[in-house]
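These notes are about the structure you will find just below.
The values are calculated or read from the model by the stated rules, or taken from the named source; none is laboratory data. These numbers come from a predicted model, not from an experiment. Neighbour counts are summed over all protein chains in view; Cβ atoms, including those assigned to glycine, are modelled from backbone coordinates with ideal geometry.
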Amino acid sequence: MPRTPPYPEIVADLGALLGLSRPAGQCFAAIWRAARPPCADDLTAGLGLSRSNVSTALKELRDWGLIARARAPGDRKDYFTAPADPGELGRRLLSGRQRRASAPALDRLLAAEGETGDVRIAALHAALATISERMEALAALDTADLASRFLSGADAKPADGRSAGKKKKKKRKT
């Protein structure tokens, strides 16, 4: 069997950090890098995955909003495309992660808070709710705004105008 290029494996590992299955990460990498949209048979042959793994992964990727189906005229096969813009992918991943992980965890914390009245659970719920609200706000940004906030690298500065990584000097007592 031919060796799979490392790129699908790298994306599969990154996808696992975000909650995607390994086959979904591999399929996404192959779709995103493809010169022309692949069909499920192309993914099966190219990645060495079973047809059922590929079908399940494609459904998962569609549920996350990371891929879309396309049809060629006169062809009954579904071909798959992914947005080329990394900022758009980041926005969709944030939204999907929020929907699949953060929201259910917050619901469970809220229920536990109501049942027990534990102030620590209430504090944890409040902290995670704030993080969740920020994630939702980021996911709602258009890709240009998201990119300007996060993908610009060293140009980004904190709100107080200092360069990132520099600490405020302490005054010495004399």
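Tell me, yes or no, whether region 103-120 has at least one residue that is touching a residue at least 60 places away in the same chain (Cβ under 8 Å) and within 29 Å of Ile131 (Cα to Cα). No; the residues of region 103-120 include none that is touching a residue at least 60 places away in the same chain (Cβ under 8 Å) and within 29 Å of Ile131 (Cα to Cα). Between Ala29, Ala68, the distinction of being of a type outside the set (S, T, N, Q), under 23 Å from Thr143 (Cα atoms) and under 14 Å from the mean Cα position of the chain (by Cα) belongs to Ala29 only. Screening Gly74, Gly65 for residues that are out of contact with any Cys (no Cβ under 9 Å at 6 or more places or on another chain), of a type outside the set (Lys, Arg), without any contact (Cβ under 8 Å) to a residue 40 or more places away in the chain and surrounded by 14 or more Cβ atoms within 10 Å (Cβ to Cβ) leaves exactly one candidate, Gly65. Against the numbered list (1) under 21 Å from the mean Cα position of the chain (by Cα); (2) farther than 30 Å from Ser102 by Cβ, Gly46 comes up short only at (1). Yes or no: region 38-52 includes at least one residue that is surrounded by 15 or more Cβ atoms within 10 Å (Cβ to Cβ), more than 20 Å from Glu9 (Cβ to Cβ) and not assigned by TED's automatic domain parsing to the domain that holds Ala147. Checked against the condition, which is being surrounded by 15 or more Cβ atoms within 10 Å (Cβ to Cβ), more than 20 Å from Glu9 (Cβ to Cβ) and not assigned by TED's automatic domain parsing to the domain that holds Ala147, region 38-52 yields at least one hit. For the structure I just gave you, tell me whether Glu133 is more than 23 Å from Gly15 (Cβ to Cβ) and crowded, with 17+ Cβ neighbours inside 10 Å. Criteria not met by Glu133.
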